[in-house]
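Asker: Got a structure for you, written out below as structure tokens; questions coming shortly.
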Ligand SMILES: Cc1cc2nc3c(=O)[nH]c(=O)nc-3n(C[C@H](O)[C@H](O)[C@H](O)COP(=O)(O)OP(=O)(O)OC[C@H]3O[C@@H](n4cnc5c(N)ncnc54)[C@H](O)[C@@H]3O)c2cc1C
């Protein structure tokens, strides 16, 4: 019964836990944290367990308890005057969307795991997704947080003050904190006007450079573009092969594809379809592409999106691969995608590198697949760490980040430690030591081990 919660979504990490605690309200979380502090028992906060970096998987030695927030799923308040919703940590993203929709509003963050990912997990990973281009990550969408801190105090930060200059921003510390600084019990989230009309297009392109130029044409012409996702031919082919019911929106395969969504939020706004046709016509005239399909129905728009949202699943079905959720400056990304893939293939013969995702945010998921027929266990043990180190070195050399949206968890902790930079690591360590001196919140994630080694810090 406990099995699904002690392994991560990708099946890369297995932990052990004597029990899962599932409190129903903040007072119960507070009581658990106080008792765990007295007994010196570590807690691993967990929401939907969709972490891509083993962030919610307990340590393998069975020393920690899982603290699942799944039963805290109340929408406490939804204010149309303020355009805010106060949702408890266990509210699933799909349910949050439904609650906002029912009130004629929208929570503008979505991702492939929306049927399981929870508010607490989204806050604690500073989740991104497919609408960051227009609305930003959770850092921009969280207006307030309630959390239980490692010392057992409840941090009451739900009031959504537009201006608050009482020093450090503790909400922002908890956002992306990966459960190492506090257990989020509820969050105040921004709502935006509901979509009145949308248009989704699929464009076949020959290079990421052209894709970025097309994005710039859109940005010059309209503010309606919410998503601009790039998909290479090989990833599309994997979806068509492994995900039943999918089909190529275009009559032939192209080296690169972009999925574009434009949305209107007012009935008097220019129709997104008109916008799409107008801007695509401009892009076509500029010679940026020669093949595109505009969805003619909601069902077709959903089919286009299904391809994008099935990419991780299809990559998983293909077999062993290392995934790298990386970012570089947007203008550098097209070159990076092509050159890094070529360098990887040359350096590790038989591997296939493929990058897809949020081109408009300078963030792609850079997957390196093992050679066909490779023994998974052997490849993961021997080759994958070398591949990952190589990719990360390329990213750092380009001034980028080894984690754009999934966080560090246990998967990237050593790499973070290796690549620093030192000032970032020492601040991370100092904050963790100050807030969680007994190291009880999500041990083994994000923060380097030497955080608790006084000698190393003296
Ligand atoms: C198919 C798929 C697609 C995805 N696409 C995206 C994407 O596009 N963008 C993106 O950003 N992510 C994506 N993810 C990753 C994942 O969905 C997000 O990181 C999500 O925010 C995790 O939410 P969760 O509730 O499942 O958290 P969990 O996996 O349970 O936990 C994630 C981290 O948050 C901590 N945590 C969870 N709840 C709390 C809490 N209440 N208080 C304190 N800490 C807590 C955990 O300890 C852990 O460190 C995807 C995952 C999958 C499986």
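Since every read-out is calculated from the coordinates, none of them should be taken as a lab result. None of the values given here were measured: they were computed from a predicted structure. FYI the Cβ positions are ideal-geometry reconstructions off the backbone, even for glycines, and counts take in every protein chain you see.
Asker: Of all the residues that make up segment 209-237, how many are over 19 Å from residue 128 (Cβ atoms) and touching a helix residue (DSSP H, G or I) at 6+ places or on another chain (Cβ under 7 Å)?
Answerer: Initial filter on segment 209-237 (over 19 Å from residue 128 (Cβ atoms)): 209-210, 213-214, 216-218, 220-224, 232-234, 236-237.
The next check asks that each one be touching a helix residue (DSSP H, G or I) at 6+ places or on another chain (Cβ under 7 Å); those that pass are 209, 214, 217-218, 221-222, 224, 236.
Counting residues in segment 209-237 that are over 19 Å from residue 128 (Cβ atoms) and touching a helix residue (DSSP H, G or I) at 6+ places or on another chain (Cβ under 7 Å) gives 8.
Asker: Here's another thing I want to ask about it. Of everything in segment 122-172 that's within 12 Å of the ligand (Cβ to nearest atom) and over 16 Å from the mean Cα position of the chain (by Cα), which residue is nearest to residue 437 (Cα to Cα)?
Answerer: Filtering segment 122-172 for residues that are within 12 Å of the ligand (Cβ to nearest atom) and over 16 Å from the mean Cα position of the chain (by Cα), the one nearest to residue 437 (Cα to Cα) comes out as 150.
Asker: Something else: Within the bounds of segment 53-75, is there any residue that is over 23 Å from residue 409 (Cβ atoms), touching a strand residue (DSSP E or B) at 6+ places or on another chain (Cβ under 6 Å) and away from the ligand (no atom under 12 Å from the Cβ)?
Answerer: Yes - at least one qualifying residue is present in segment 53-75.
Asker: Would you be able to tell me the number of residues in segment 62-95 that are surrounded by fewer than 19 Cβ atoms within 10 Å (Cβ to Cβ) and within 12 Å of residue 118 (Cβ to Cβ)?
Answerer: 4
Asker: Taking segment 269-305 only, how many residues are farther than 20 Å from residue 252 by Cβ and either within 16 Å of the ligand (Cβ to nearest atom) or out of contact with any helix residue (DSSP H, G or I) (no Cβ under 8 Å at 6 or more places or on another chain) (or both)?
Answerer: Initial filter on segment 269-305 (farther than 20 Å from residue 252 by Cβ): 269-279, 281-282, 285-286, 297-299, 301-302, 305.
Going one step further and asking which of them are either within 16 Å of the ligand (Cβ to nearest atom) or out of contact with any helix residue (DSSP H, G or I) (no Cβ under 8 Å at 6 or more places or on another chain) (or both), we end up with 269-274, 276-277, 281, 285, 297-299, 301-302, 305.
Final tally of qualifying residues: 16.
Asker: Right, next: In segment 67-87, what residues are out of contact with any helix residue (DSSP H, G or I) (no Cβ under 6 Å at 6 or more places or on another chain) and within 19 Å of residue 181 (Cβ to Cβ)?
Answerer: Keep residues of segment 67-87 that are out of contact with any helix residue (DSSP H, G or I) (no Cβ under 6 Å at 6 or more places or on another chain), which gives 67-68, 70-74, 76-86.
Across segment 67-87, the qualifying residues are 67, 68, 72.
Asker: Still on this model: Can you pull out the helices (runs of 4 or more DSSP H) entirely within segment 132-178 that have at least 3 residues that are free of Cβ contacts under 8 Å to residues at least 60 places away in the same chain and crowded, with 16+ Cβ neighbours inside 10 Å?
Answerer: Numbers: elements: 132-135, 138-141, 170-174.
Hits in segment 132-178: 170-174.
Asker: Still on this model: If you check residue 45 against the conditions, is it within 14 Å of the ligand (Cβ to nearest atom), part of a strand (DSSP E or B) and within 30 Å of residue 227 (Cβ to Cβ)? Show your work before the answer.
Answerer: Numbers: within 14 Å of the ligand (Cβ to nearest atom): yes; part of a strand (DSSP E or B): yes; within 30 Å of residue 227 (Cβ to Cβ): yes.
Yes, satisfied.
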